[in-house]
1. Given the pairs Lys133/Lys370; Lys133/Lys167; Lys93/Lys221; Lys125/Lys227, which span a C-alpha to C-alpha distance of over 22 angstrom in this model?
2. Please give the per residue accessible area of the chain, computed with a probe of 1.4 Å over protein heavy atoms only, in Å².
3. Whole-Hz Karplus ³J(HN,Hα) for segment 203-220, in order, using 6.51 cos²θ - 1.76 cosθ + 1.60 and θ = phi - 60°, x for Gly and Pro?
4. May I ask you to give the percent of accessible area on the chain that is carbon plus sulfur, with a probe radius of 1.4 Å?
5. Can you give me the angle between helix 187-199 and the longest principal axis of the chain, using Cα atoms only, in degrees from 0 to 90, rounded to the nearest 10?
6. How much length would be gained if the chain were fully extended between Ser425 and Lys175, taking 0.36 nm per residue of separation minus their Cα-Cα distance, in nm to one decimal?
7. In whole Hz, with x marking every Gly and Pro, tabulate ³J(HN,Hα) for segment 309-317 from phi via Karplus 6.51 cos²θ - 1.76 cosθ + 1.60, θ = phi - 60°.
8. In degrees between 0 and 90, to the nearest 10, how far off the longest principal axis of the chain does helix 62-73 point, with axes built from Cα atoms?
Amino acid sequence: MTSAILKMINYRRPLKKFLSLIFLPLVFSFTVSDALSGSFPQVVFIFDASGSMWGDAGGRKKIESAREVMGKVVPVLPSEVKIGLAAYGHRRKGDCTDIEILIPAGSTDKARLLTRVNSLSPKGKTPLADSVKMVVETLESMEEETTIVLISDGEETCHADPCGVVKGLKDSGIKFILHVVGFGVDGEQKEQLSCLAEAGGGQYLGADNADTLLSALETVKEDIVQKVEKAKTVTRKATTKLGKLRIRMPRTSTASLNAFTIRRVPDGKDIKNIATPGPDTTHTLLSGKYEVIAGFANSNYHSDSEVSFGIREVNGGETALIELGAMAIDIADSLRDIPAGAVIISQAGNEELKFHIPFTGNDYYFYMTKPLPAGRYDLAVHYKRTYLYNTSEKPVVLVSNILVAEGQESIVKIDSGITLKKPSSSPVAAWELIPAGTEEAIMRISGAFNGDYPLWQRYAVPPGTYDLLLTLEGMTEPLPAGEGITIGNSELLEFDAEL
């Protein structure tokens, strides 16, 4: 114990230097918080456009009163407040999925919002729970609390437990408060709408005509005004040079990935390695540019197949997101034993994003679902499985122009192929497959150094029409054994090579 204390004393100067580096990223200054637009509240209106809005309230159509009141309240919201708009029931009758985000949260275009409100024509049902859920899920990355104002003239018609849904959303940690304005509702409807407001941490406000509707929305407006005034107060604020990099991908794609490496761009230094990353990881970094290197796993303890997933900039106090999609490879059982020497995935128009998963004793990782940045890809193989094979490593593109979208899994089917039936005589030295109307073979299979085994294997090829050429032992040129051979989708063609 004593020696440990003496050791700490002897190293007090390096420790002091270390502590200074810890606190270096924090820069303190006096600032007015309204200089940061993200510090102000925002409001999203959920507008009832169900069929019942054509009903009367106070001697006028409810939809007419609602449009008029929105036209009075929205223009006088503080200029710092960002706005958004959703509506339900405005496109189709009897459809509980008729919900639309008309203007995403974060807009400043009040005129556009009012134009959209005035264009709504009530038609459908009242999916309160799913409407709130759709809006709240768009707020997941928001740092500031968002005020949601739900205007409804009736009870839920699509979900058995709307209060439970709102409570679950509130418990999820997403920052929002839900105010509910009940317009021309009865006692039972009021009870449910009040429950929604309570579950969402907000107020229930009732209205029976245009004047009381205006009064209700004025109350909500005043709450927002108070939040703006609070945000404008002068505060002592700490700004940081630390930011975060979040990497997210479909859960099914993690098994094929061995690691992520985060590389600092200016000096090329690898500053973090994430082994066996999960589907959603976040990493604290100094402000700057970083390259993310994916390491795809290979069998039998071989080194990873590495490829760059691009460069992202991390800013202090912010989270940069890399949202990956996935390519799921569905290969037919009849083709799983093709003698592929590698699976090759390449992004169209980007030579930097291309990688091989080589055959290293088994093909365990070949057809696993793979995380990829959004884009279009080609999937290829080559058939030089071992050094004994004479076949070249020329790629055979099995599927091209595969669309991978952020957060989604794209399924790629490999289900067409060809196999040659071994002849009883006239030994074949090689065969090649040429797309009809062209002169260049997409593949040429030769006998191995130690036998003719590869010639009679099954091979995956894209569907199409081909010419098949055979080269017999001792001959100097191939023979056209089959012309205009068609291989269809989901078809394994067995070609009889008997001469």
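1. Beyond 22 Å: Lys133/Lys370; Lys93/Lys221; Lys125/Lys227.
2. Counting only protein heavy atoms, the per-residue value for the chain is 50 Å².
3. These are the phi-based 3J(HN,Hα) values: 10, 9, 10, x, 8, 10, 8, 4, 5, 6, 5, 4, 4, 5, 6, 5, 4, 5 Hz.
4. Of the solvent-accessible surface of the chain, carbon and sulfur hold 51 percent.
5. Roughly 70 degrees between the two axes.
6. 82.3 nm
7. Residue by residue, segment 309-317 yields 9, x, 10, 10, 9, 9, 10, x, x Hz.
8. Its long axis makes an angle of about 80 degrees.
The values are calculated or read from the model by the stated rules, or taken from the named source; none is laboratory data. Please read all numbers here as calculations on a predicted model, not as lab measurements. Positions of Cβ are backbone-derived with ideal geometry, glycine not excepted, and every protein chain shown enters the neighbour counts. Areas reflect the complete protein model, heavy atoms only, side chains present, ligands, DNA and RNA absent. Shrake-Rupley method; radii C 1.70, N 1.55, O 1.52, S 1.80 Å.
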